[in-house]
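Below: one structure, written as structure tokens.
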Amino acid sequence: MAEVKVTLKRSLIGRPQDQIKTAQALGLTRVGKTVVKTRNEAINGMISKIAHLVVVEEA
């Protein structure tokens, strides 16, 4: 499986609770934080749920 770098680019303030929980589950707790995750169906779904808040790059 490929790895992806996910960076939180927009604030979670004022977002629906499910989007906040999704970002926290990915390990994104503050703006500018980057995590590396192995790409699978679960991670793809989480990324697509908060795609408007993050930037995704191949690692």
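Tabulated values for the structure
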item	result
Pairs where the first residue, in segment 9-22, is at pLDDT 95 or above and among the polar types (S, T, N, Q) and the second is surrounded by 10 or more Cβ atoms within 10 Å (Cβ to Cβ) and assigned to a loop (DSSP other than H, G, I, E, B), C-beta under 8 Å, 6+ apart	Ser11/Val31; Gln19/Leu12; Gln19/Ile50; Gln19/Leu53; Thr22/Ile50
Top-ranked residue in segment 23-59 [being β-branched (Val, Ile, Thr) and exposed (fewer than 13 other Cβ atoms within 10 Å of the Cβ); ranked as nearest to Leu12 (Cα to Cα)]	Thr29
Output for segment 1-20, where each listed residue is touching a strand residue (DSSP E or B) at 6+ places or on another chain (Cβ under 9 Å) and part of a loop (DSSP other than H, G, I, E, B)	Met1, Ala2, Lys9, Arg10
Every pair of residues 6+ apart whose Cβ atoms lie under 6 Å, when the first sits in segment 35-48 and is of a type in the set (A, V, I, L, M, F, W, C) and in a helix (DSSP H, G or I) while the second is loosely packed, with under 15 Cβ neighbours inside 10 Å and modelled with pLDDT of 95 or more	none
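The values are calculated or read from the model by the stated rules, or taken from the named source; none is laboratory data. What you see is a predicted model; the values in this text were computed from it and never measured. Please note: Cβ atoms are built from the backbone with ideal geometry, for glycine as well, and neighbour counts cover all protein chains shown.
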